[in-house]
Amino acid sequence: MNRLQNDFFLQLGDFRQMLDAIERIPGAMFMIKNLDSRYIYMSRGLRDAIHLPPDFEVVGKTDFDLFPKIIAQTFRQNDLAVFKQGKPRMNEVHAVGFFAHAMKWAYSSKFPLHSRQGKVIGLITINELYNDVMGEDAELNRLLPALKHITENYAGRITIGELAKRCSYSESQFTRLFRRHMRMTAYAFVEQVRIHHALEALKHSATSIIQIALDCGFYDHSAFVKRFKKFTGTTPLRYRREEQAKLKADRAIALLDPALSRQGGK
């Protein structure tokens, strides 16, 4: 930064005026976090993209308050890498919306934020919906049929050969390009999607755990429990009990507070 820039920013008053100006860009999706990965700021465009209610207070929350643990852990690991290395992580592909909302894909880039003393104090993440950027990225475009097939047919048998054929790649090409763009193997992605749906079913239904495992593409109950525990750190039964207890408590609070009850009905 040269002297002219430095003098200008030193004179700048409330930095929020800059954020307010950026917010006027239609669909701008960005966030700011501190070293604890707690949200300091989230743009309206990003709040809309992840379907947060307009009056939901995001400041001070972490990804574990907003997303399933399996997703939050990945975000936290990426944050820690930026904090440790002090370098950006560019154009990583993430899913936005899996369950009640249509799934979209976004590029996510994280940049470290430094204090005047040069110490990393947080980060800013800028997200761009895949359909809005990098239209020339033919490789990722060609992976989309496989991603679509996985998210729509996760309960059935899925093979690398089938996915590669849908993308007009050989199996070796597909395997290499999928890992490059998605930062994981295709099998890991399939399992991640299955676990996502299992989490939602456990939280919101009374369906038996064995049936949920089958419905989500796990044909061995013990294997499902083992994989679920690896991803979430707990068993399906304990997760169901804890999450349904939270939902019950939230409903009780809403009934006691008419304002919260109206909010929940929006």
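None of the figures in this text is laboratory data; all of them are computed from the coordinates on show. Every value quoted in this text rests on a predicted model; they were computed, and no experiment measured them. Reconstructed Cβ throughout: ideal geometry from the backbone, glycine too, with neighbour counts over all protein chains shown.
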Legend entry - Among ILE32, ILE209, ILE253 the positive-end extreme of the charge dipole of the chain (Cβ point charges): ILE209
Legend entry - Charged-residue dipole, Cβ positions (Lys, Arg, Asp, Glu), the chain about Cα centre, Debye nearest 20: 760
Legend entry - Förster-model FRET efficiency, 41 Å R0, GLU162 and LEU19, C-beta, rounded to 0.05: 0.35
Inset, instruction - Hey, can you grab everything whose amide H is under 5 Å from the amide H of MET29? Only 5+ residues off in sequence or another chain; H modelled, so Pro and N-termini drop out. - result: ASN127
Legend entry - Centroid-to-centroid separation of region 139-173 and region 14-31 [C-alpha atoms, Å]: 37
Inset, instruction - Please turn the phi angles of region 52-61 into ³J(HN,Hα) values with the Karplus equation 6.51 cos²θ - 1.76 cosθ + 1.60 (θ = phi - 60°), one per residue in order, whole Hz, x for glycine and proline. - result: 7, x, x, 9, 6, 7, 8, 4, x, 7
Inset, instruction - Evaluate region 138-247: find the radius of gyration of its Cα atoms, find its Kirkwood radius, and give the ratio Rg to Rh. - result: 1.04
Inset, instruction - Could you point to the residue in VAL58, LEU144, GLY156 farthest towards the positive end of the chain's charge dipole, with +1 and -1 charges on the Cβ of Lys/Arg and Asp/Glu respectively? - result: GLY156
Inset, instruction - Would you mind giving the average projected area, over all directions, of the Cα convex hull of region 194-238 in nm² with one decimal? - result: 2.6
Inset, instruction - Would you mind checking which residues have amide H under 5 Å from CYS167's amide H? H placed 1.01 Å from N; only 5 or more apart, or other chain. - result: none
Inset, instruction - Report the equivalent ellipsoid semi-axes for region 3-132 in whole Å, largest first, defined as the square roots of five times the eigenvalues of the gyration tensor built from alpha carbon atoms. - result: 25, 18, 14
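Relative to the present Cα-Cα distance, how much length would full extension add between GLU152 and LYS246 at 0.36 nm per residue of separation?
Length gained, GLU152 through LYS246: 30.9 nm.
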Legend entry - Spin-label zone in region 1-38 - amide nitrogen under 12 Å from a point set 7 Å from the Cα of HIS114 along the C-beta vector: 1
Inset, instruction - Please list the non-local residues whose amide H lies under 5 Å from the amide H of LEU113, H modeled 1.01 Å from N, same-chain partners needing a gap of 5 or more. - result: ILE121, GLY122, LEU123, ILE124
Inset, instruction - Quote to one decimal, in nm, the extra length available between GLN11 and ALA72 on full extension: 0.36 nm per residue of separation minus the C-alpha distance between them. - result: 18.2 nm
Legend entry - Debye-sum result for the chain in log10 I(q)/I(0), which assumes one identical scatterer on each alpha carbon, at q = 0.07, 0.11 Å⁻¹: -0.31, -0.76
Legend entry - Gain on full stretching of the segment that runs from ASP48 to HIS204 - 0.36 nm per residue minus C-alpha separation: 53.9 nm
Inset, instruction - Give the peptides 214-223, 18-27 in descending order of average Cβ contacts within 10 Å, highest first. - result: 214-223, 18-27
Inset, instruction - Would you kindly derive the ³J(HN,Hα) couplings of region 173-183 from the backbone phi angles with the Karplus curve 6.51 cos²θ - 1.76 cosθ + 1.60 (θ = phi - 60°), listing them in order in whole Hz, with x for Gly and Pro? - result: 4, 4, 4, 5, 6, 4, 5, 5, 7, 9, 6
